[in-house]
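The values are calculated or read from the model by the stated rules, or taken from the named source; none is laboratory data. Bear in mind the structure is a predicted one, so any value in this text is a computation, not a measurement. Cβ atoms come from the backbone with ideal geometry, glycine included; neighbour counts cover every protein chain shown.
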Amino acid sequence: MKPDERPDLSKKCSLVDFLLCSLGCLFFLLAPAMRATAQTPLVRGVDAVGLTVSDIDRSVDFYTRVLHFTKVGDEDFSGETYEHFEGVFGLHIREVRLKLGDEFLDLTEYLAPRGRPIPEDSASNDHWFQHVAIVVRDLDKAYAWLRKNNVKYGSSDPQTLPQWNKGAAGIKAFYFRDPDGHTLEIIQFPEGKGLAKWHRPGDDLFLGIDHTAIVVSHTDASLSFYRDELGMKVVGESENYGVEQEHLNNVFGAHLRITSLRAASGPGVEFHEYLSPLSGRPIPPDQRANDLASWQTKMRVLNVEQTAKALLGHASWVSSSVLEIQSGGARERAFIVRDPDGHAVALMEPVVAASREHRPD
């Protein structure tokens, strides 16, 4: 049709027809984005956060006595299936599951082979950094209790984030370390911030795990993995800097872009991208699950085979295939991959029928 042959809509179409035509065109243009938004997330929820310890009895004592976790499981694993799952030959592991509130923490000791300790000079901006944020009812009381139990400091002192930072204003926090040197955080949310359950009345001092935080090199690359591929939702963003953030992280000049994501259940995942300083070191390419700096974020998925296919080409595999394992007292079909920065993520689906080992082509 030539330009001068285009129909005169004002003469040939009623106003209703014109609006319908316009809406149809708009729907056609937005349909791909609408389909992407409506797509069912692969991840149902974060099941647990796991970390490797050197002496599991010592760690269980610390987490239950000092932080008031409850021991809910204790299992040993060895054999070819678990070697292929964790990517560690000749392993024999003991795994203890702990619970605080509604959330779970999995402690794993490698009885064989032993891994490397956390580097003595680790800093909060090194990319192997990961922690869990334990919500407390009263941070001053929790800090006094930690001091009474002689914990190792991660922060210089408890910090209250400033009022100019709208996304984090009034949050109180303190970093400390467990017996192996893993960084932990206690956090208290002011009214209007954090999940509603953190503000329920009660007497318990330690309430549960709000999130696990990981250092990322590029937020957009991490969003591509956790949000676009796995389907987690961004629930908060802030840019944190200043003297309070420096002393919380114990990193001079700390300036962070923080992005919080959640699935339908379980703890959130929080990105820490350091805009400065840029001295943080990457995760060593030879880091393995038996190294004490190794953590795992364990996620339940709707369909493990579909998830495996979706992540082909978008993540590096630790496991040799999708495998049937025991985890947290249940049979799961699962596999482990690494995110863009090398943090380990286990994707799991409960076993409901006989299945076979399979890696998607």
Checklist entry - Within the bounds of region 201-211, is there any residue that is touching a residue at least 60 places away in the same chain (Cβ under 8 Å), charged (D, E, K, R) and under 22 Å from G236 (Cα atoms)? => result yes
Checklist entry - Considering region 166-185 alone, what residues qualify as being in contact (Cβ under 8 Å) with a residue 60 or more places away in the chain, not in a strand (DSSP E or B) and not small (G, A, S)? => result K166, D178, P179, D180, H182
Checklist entry - Could you say which residue among R281, R262 is basic (K, R), in contact with a Lys or Arg (Cβ under 7 Å, 6 or more places away or on another chain) and under 23 Å from G50 (Cα atoms)? => result R262
Item to check | Set D121, D106: member being among the charged types (D, E, K, R) and part of a loop (DSSP other than H, G, I, E, B) | outcome: D121
Checklist entry - Does A173 satisfy the criteria of being of a type in the set (G, A, S) and crowded, with 16+ Cβ neighbours inside 10 Å? => result yes
Checklist outcome for this item: Across (1) under 19 Å from H68 (Cα atoms); (2) touching a helix residue (DSSP H, G or I) at 6+ places or on another chain (Cβ under 7 Å); (3) of a type in the set (S, T, N, Q); (4) touching a residue at least 60 places away in the same chain (Cβ under 8 Å), Q188 clears everything bar (4)
Next on the checklist: If a residue counts only when it is charged (D, E, K, R), which strands (runs of 3 or more DSSP E) contained entirely in region 213-311 have at least 3 such residues?
Outcome noted: 233-241
Next on the checklist: Criterion first (among the acidic types (D, E) and closer than 30 Å to S217 by Cα) does E86 satisfy it?
Outcome noted: yes
Next on the checklist: Restricting to region 311-323, name every residue that is modelled with pLDDT of 90 or more and surrounded by fewer than 17 Cβ atoms within 10 Å (Cβ to Cβ).
Outcome noted: S316, W317, S320, S321
